[in-house]
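The values are calculated or read from the model by the stated rules, or taken from the named source; none is laboratory data. Source: prediction; values computed, not measured. Cβ coordinates were reconstructed from backbone atoms using ideal geometry, including for glycine residues, and neighbour counts include every protein chain displayed. Calculation scope for accessible area: heavy atoms of the full protein, side chains included, ligands and nucleic acids excluded. Shrake-Rupley method; radii C 1.70, N 1.55, O 1.52, S 1.80 Å.
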Amino acid sequence: MAMAMPARTELPKLLVPVGSLFLVCAVLVRRTLRAKMESQTSPRKQKKPKRRAKRAEELEFAPPLEPAFAAECYAARKAASSMTASISTWLQLHAKRVMGNATAPPLVSAELSSLPSLSGLAAAAVDAAAAAKPVVFSVLSVGCGDGELDLELIAACNAALAETATGPGLVPRLHYVGLEPNRVDAAHFRARIQAAELPAETVAYVLEEAFEAKLPKPPAEHEQLEPGALELLEELEPPATPAAPPPTPTPRQQQQHGAAADGAGSFRSKSQFDLVMVANVLPYFRDLHGTLQRLLSHTRNGGRLLLINPGTKGAAELQVEQMRVVKGSETHMCQPDEIKRLLSQLRLQYQLSVVESRLNATECLARSATGLQILSHCLESDVRRLCERKMMKLLKVCWRLTEIEEDGMAFFEESAAIFIVEKPHGKK
């Protein structure tokens with residue numbers, strides 16, 4: 001008789017999925033504990049900070065300076081630098097050297113009478129001619145700014161001319177014409193002239209006109225000139241042969257040769273001067289060769305061309321490193337070596353002097369409003385609107401180039417190159 005087998009239980013089949021689930025949980029717990037232990041023993045990886053959203057007013061490249069803000073930047077830079085004072089002192093010490101043969105004492109009647117070839121009647125005629133036409137020294141200043149440096153030049157020239165008055169009727173006169181396209185600076189210069197109370201023999205005018213590398217088309221009338229300025233220019237104007245007027249420059253040519261700024265006109269006179277001064281504005285001309293040629297055309301034979309340009313220290317170093325980064329281009333840069341090369345190409349002899357000075361950069365490192373104005377003038381762009389990343393790089397370079405003194409003041413060491421160029425006789 002067959003015995004009945006007991007029923008098989010289903011428990012082992014249920015244990016298989018339960019055991020698998022237990023193993024999976026154990027593995028996950030083990031991995032979690034291991035990760036926790038590793039995070040406690042090793043430094044945690046730093047998360048990359050979220051990129052700060054750029055404000056609407058921040059730009060990748062600093063924009064050009066507006067005329068009004070440019071005048072403020074120039075004033076801030078000048079107040080923080082001893083450059084103007086150093087150049088003024090140099091002008092006072094070397095005025096005769098700058099003016100050249102114009103300060104040579106003329107022959108008076110006593111000296112002329114002693115010459116064997118001249119009779120008393122000839123000497124009297126020379127005296128009459130000297131009394132009728134006094135000694136006149138004419139000056140043209142291109143980019144005179146607010147006139148602080150030019151007033152020092154006028155005073156130095158007057159002092160040198162006074163020494164040439166060795167006889168009656170030989171009263172030296174100084175005729176000065178300044179060109180400044182910025183209306184704010186031109187107005188400040190006119191106010192300085194009125195407050196200076198110049199000698200009666202000195203005639204000074206400031207024209208809101210720009211100097212271009214090429215002579216533009218002559219105007220139909222001189223309505224924008226100051227009263228008396230036209231007569232002064234006509235008095236200095238050399239006799240010219242009739243010629244067809246040059247064509248009006250195109251916008252492209254104006255951009256290449258230095259177009260008039262702030263709506264100012266262009267200097268169209270062909271007058272020649274005994275001294276032509278260009279102080280710290282040569283970098284603004286793109287066609288330096290053409291600019292020097294036109295400057296020479298306004299200089300009389302035997303006259304002098306005075307070129308004052310930033311040297312290779314201080315702001316010049318900052319421009320070399322940061323001008324392209326901040327502004328996007330290296331325009332408005334002109335090194336003394338480039339001026340030497342151009343003068344050599346024109347076969348001109350020159351005398352070179354280097355004047356040292358200092359620029360207080362404390363406000364620049366502090367990133368104050370005044371400091372940003374100084375940096376804006378140095379880099380010829382509005383650094384207030386520069387993006388934060390480039391601003392920090394700019395400040396880093398400033399910290400490296402400045403010298404920190406014990407009292408916490410920071411200074412750039414600056415220099416200026418002064419060229420005295422004599423125009424030889426017979427050179428156009």
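Of everything in segment 348-400 that's under 22 Å from Leu65 (Cα atoms) and of a type in the set (Gly, Ala, Ser), which residue is modelled with the lowest pLDDT?
My answer is Ser381.
Can you pull out every residue in segment 343-391 that is open to solvent by less than 10 Å² (accessible area, probe 1.4 Å) and in a helix (DSSP H, G or I)?
Within segment 343-391, Leu343, Cys364, Gly371, Ile374, Leu375, Ser376, Cys378, Leu379, Val383, Met391 meet the criteria.
Given the condition outside any strand (DSSP E or B), surrounded by 15 or more Cβ atoms within 10 Å (Cβ to Cβ) and either at pLDDT 95 or above or touching a helix residue (DSSP H, G or I) at 6+ places or on another chain (Cβ under 7 Å) (or both), answer yes or no: does some residue in segment 405-421 qualify?
no
Testing Asp262 on (1) acidic (Asp, Glu); (2) at pLDDT below 90; (3) assigned to a strand (DSSP E or B), one condition comes back false. Which one is that?
So the condition that Asp262 fails would be (3).
Tell me, please, whether a residue that is open to solvent by 20 Å² or more (accessible area, probe 1.4 Å) and closer than 22 Å to Val98 by Cα can be found in segment 305-312.
Checked against the condition, which is being open to solvent by 20 Å² or more (accessible area, probe 1.4 Å) and closer than 22 Å to Val98 by Cα, segment 305-312 yields at least one hit.
In segment 326-347, what residues are of a type in the set (Ser, Thr, Tyr) and at pLDDT below 90?
Scanning segment 326-347 gives Ser329, Thr331.
Yes/no matrix, rows are residues, columns are (1) buried (at least 19 other Cβ atoms within 10 Å of the Cβ); (2) assigned to a helix (DSSP H, G or I); (3) touching a Leu at 6+ places or on another chain (Cβ under 8 Å):
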position: Pro63; (1), (2), (3): no, no, no
position: Ala70; (1), (2), (3): yes, yes, no
position: Cys73; (1), (2), (3): yes, yes, yes
position: Ala76; (1), (2), (3): yes, yes, no
position: Ala79; (1), (2), (3): no, yes, no
position: Ser86; (1), (2), (3): no, yes, no
position: Leu91; (1), (2), (3): yes, yes, yes
position: Lys96; (1), (2), (3): no, yes, no
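Before we move on, is Gln319 modelled with pLDDT under 90 and of a type outside the set (A, V, I, L, M)?
So Gln319 fits the description; yes.
Can you tell me which residues in segment 390-426 are under 30 Å from Arg300 (Cα atoms) and out of contact with any Leu (no Cβ under 9 Å at 6 or more places or on another chain)?
Those that are under 30 Å from Arg300 (Cα atoms) and out of contact with any Leu (no Cβ under 9 Å at 6 or more places or on another chain): Ser415, Ala416, His425, Gly426.
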